[in-house]
Amino acid sequence: MLLVVACCFLWLDPLVEIYELSNDSLQKLRIAVFLVWAAVQISLVRPLMQAYFHGALVQWYNLRHFGGTKKDEDHISKQIQMKVMVNTYIACKVAIQVLGPSFQFFLWIPF
């Protein structure tokens, strides 16, 4: 959270002028802070996705084992299939939203 705030403040000129940095050192500082932010964001993908999948597994387990009687089994089966499709879609969306900005930043770095 602090890295995001630091990244935002590095682009506000009045706040940057307080620290009296040269343009070259400011650019290097911006790149360094963004590199750290991108690395942290990429390293957090696995725990975030694992927590999301754990919640999906708990939902599936509860629906499968506490969903109803035997006569509701066909309806429960359809609900489970729907939940799996929704969870897969949302997992892909979350992964793209988390990884997208980090990898996009690596494309902007002038080497």
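Hey, does segment 34-41 have a residue that's hydrophobic (A, V, I, L, M, F, W, C) and at pLDDT below 75? Lay out the reasoning, then the answer.
Filtering segment 34-41 for residues hydrophobic (A, V, I, L, M, F, W, C) gives 34-40.
Filter again for at pLDDT below 75, leaving none.
No; the residues of segment 34-41 include none that is hydrophobic (A, V, I, L, M, F, W, C) and at pLDDT below 75.
Considering segment 1-73, the qualifying helices (runs of 4 or more DSSP H), each wholly inside and each with 1 or more residues that are more than 15 Å from the chain's Cα centre (by Cα), within 20 Å of Ser102 (Cα to Cα) and touching a residue at least 40 places away in the same chain (Cβ under 8 Å), run over 23-43.
Of Leu12, Leu44, Leu26, Leu2, which residue is of a type in the set (A, V, I, L, M, F, W, C), at pLDDT below 85 and surrounded by 13 or more Cβ atoms within 10 Å (Cβ to Cβ)? It would help to see each step written out before you state the result.
Numbers: Leu12 fails: surrounded by 13 or more Cβ atoms within 10 Å (Cβ to Cβ); Leu44 fails: surrounded by 13 or more Cβ atoms within 10 Å (Cβ to Cβ); Leu2 fails: surrounded by 13 or more Cβ atoms within 10 Å (Cβ to Cβ).
Among Leu12, Leu44, Leu26, Leu2, only Leu26 is of a type in the set (A, V, I, L, M, F, W, C), at pLDDT below 85 and surrounded by 13 or more Cβ atoms within 10 Å (Cβ to Cβ).
Looking only at residues in segment 74-111 that are of a type in the set (A, V, I, L, M, F, W, C) and not in a helix (DSSP H, G or I), which one is modelled with the highest pLDDT? Full working, then the answer.
Kept after step one, since they are of a type in the set (A, V, I, L, M, F, W, C), are these residues of segment 74-111: 76, 80, 82, 84-86, 90-92, 94-96, 98-99, 103, 105-109, 111.
Now narrow it down to the ones that are not in a helix (DSSP H, G or I): 109, 111.
Details: Ile109: 64, Phe111: 53.
Checking each candidate, the answer is Ile109.
The values are calculated or read from the model by the stated rules, or taken from the named source; none is laboratory data. Treat the numbers as computed from the prediction; the structure is a model and nothing was measured. Note: ideal-geometry Cβ built from the backbone for every residue, glycine included; neighbour counts use all protein chains shown.
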